[in-house]
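Nothing in this text is a laboratory measurement; each read-out follows from the coordinates by a stated rule. Remember, predicted model here, so these are calculated numbers, not experimental data. Reconstructed Cβ throughout: ideal geometry from the backbone, glycine too, with neighbour counts over all protein chains shown.
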Amino acid sequence: MITLQIKTGQINKEWLYKGKNATYLNLVLFPSQNDPYGNDWIVKQSLSKEQRAAGVKAPIIGNGKNIGAAKPTSGGEDVL
């Protein structure tokens, strides 16, 4: 299990996805290396293909910790 802490004030509301019945926040997790607080993951708001092509940098909006056996690998996949 991975727990996340999100700084809601850092969310770019223009990038939220409006679905038929709800509004969605797309997130991406990146492995965190040598975090002084023991976090295993960096949480960023997801970018569109066009934003990535334009060189937009995804904002860091939080962090995450593994609870239990899951640990990040160098490729970003969970290993249980």
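For volume of the Cα convex hull per residue in Å³, the value calculated from this model appears in (1) 101; (2) 129; (3) 80 under label (2). Put a dot 7 Å past the Cα of GLN33, heading toward its Cβ, do the same for SER48, and the two dots end up 3.2 nm apart.
Of the residues GLN33, ASN66, SER48, the one whose Cα sits farthest towards the positive end of the charge dipole of segment 1-72 is SER48 (charges of +1 on Lys and Arg Cβ, -1 on Asp and Glu Cβ, taken about the Cα centre). Amide hydrogen proximity for SER32: with H placed 1.01 Å from N in the peptide plane, the residues at 5 or more positions away or on another chain lying under 5 Å are TRP41, ILE42. Entry note, the chain: the mean residue ellipticity at 222 nm calculated from DSSP H runs of n ≥ 4, each adding -39500 (n - 2.57), is -1000 deg cm²/dmol after division by the residues and rounding to the nearest 500. Each residue of segment 18-32 was assigned a 3J(HN,Hα) from its phi angle through the Karplus expression (A = 6.51, B = -1.76, C = 1.60, θ = phi - 60°), giving 8, x, 5, 10, 7, 10, 10, 10, 8, 10, 10, 9, 10, x, 9 Hz with x at Gly and Pro. Full extension of the segment from LEU16 to LEU4, taken as 0.36 nm per residue of separation minus the current Cα-Cα distance, would add 2.5 nm.
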